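Student: My questions will all concern the structure given below.
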Amino acid sequence: MTSTLSDRLSPRSLPFALVAILVVFLLLLAVRGFFDPLDAAHGFGVDLAAPADAFYLHVKGDRDLALALTLLALLIYRRPAPLALFVAAACIAPVLDACFVAFARGHAGYALAVHGSAAAYGVVTAALLWRAHRRAQIAATSRIGHTP
């Protein structure tokens, strides 16, 4: 399908807003991991054994920063399909985070509440983005008289 203005994601759409919120959230997590790693670890569901272990939260912070900037770049591009695929693929991170926190620390309820809700948010966002992509495809093919 050739790209047209009609297949771009509207900044006023719900999927666009959900991705924008996700970008801001990931940026906040990154900043927190860089500047307050002990509190960030506690919020993640683990407590650091020693202040020197804060290094690992810096690594998580750079992961969050990279995800946020990638999402922002894709959001600027405003194509729902690449955003949907990236958000869907990135859902593995909170799923694994929930497993690590639940099994390593025994906080299953907390892991599901924090990381499980993040995974659910990602799945819903990806589904809405994919729906926007499919609607744009159907609209484009109906304009030229073909069915998808």
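Student: Taking the Cα centre of the stretch 10-144 as the origin and placing charges on Cβ (Lys, Arg +1; Asp, Glu -1), which of G45, C99, L27 is farthest toward the positive end of the dipole?
Tutor: Going by the charge dipole, the pick is L27.
Student: Mean residue ellipticity at 222 nm from the helices of the chain, using -39,500 (n - 2.57) per DSSP H segment of n ≥ 4 over the full residue count, to the nearest 500 deg cm²/dmol?
Tutor: -24500 deg cm²/dmol
Student: What does the net charge come to around P11 if you take all other residues with beta carbon closer than 14 Å to its beta carbon, with K and R at +1 and D and E at -1?
Tutor: Result for the neighbourhood of P11: +4.
Student: Please name whichever of T125, A54, I144 sits farthest to the positive end of the charge dipole of the chain, dipole taken about the Cα centre and charges placed at Cβ: Lys and Arg +1, Asp and Glu -1.
Tutor: Toward the positive end, the furthest listed residue is I144.
Student: I've got another one for you. Over the alpha carbons of the chain, what is the largest minus smallest coordinate on each principal axis, giving the biggest first in Å?
Tutor: The Cα atoms of the chain stretch 65, 27, 20 Å along the principal axes, largest first.
Student: Moving on to the next point. Take the alpha carbon atoms of the stretch 117-133, find their center, do the same for the stretch 10-79, and report the distance between the two centers in whole angstrom.
Tutor: The stretch 117-133 and the stretch 10-79 have Cα centres spaced 18 Å from each other.
Student: Roughly how many debye, to the nearest 20, is the charge dipole of the chain about its Cα centre, given +1 on each Lys and Arg Cβ, -1 on each Asp and Glu Cβ, and no other charges?
Tutor: Here the chain has a charge dipole of around 920 debye.
Rule-based calculations on the coordinates, nothing more; no lab input. This structure is a prediction, so every number in the text was calculated from the model and none was measured. Cβ coordinates were reconstructed from backbone atoms using ideal geometry, including for glycine residues, and neighbour counts include every protein chain displayed.
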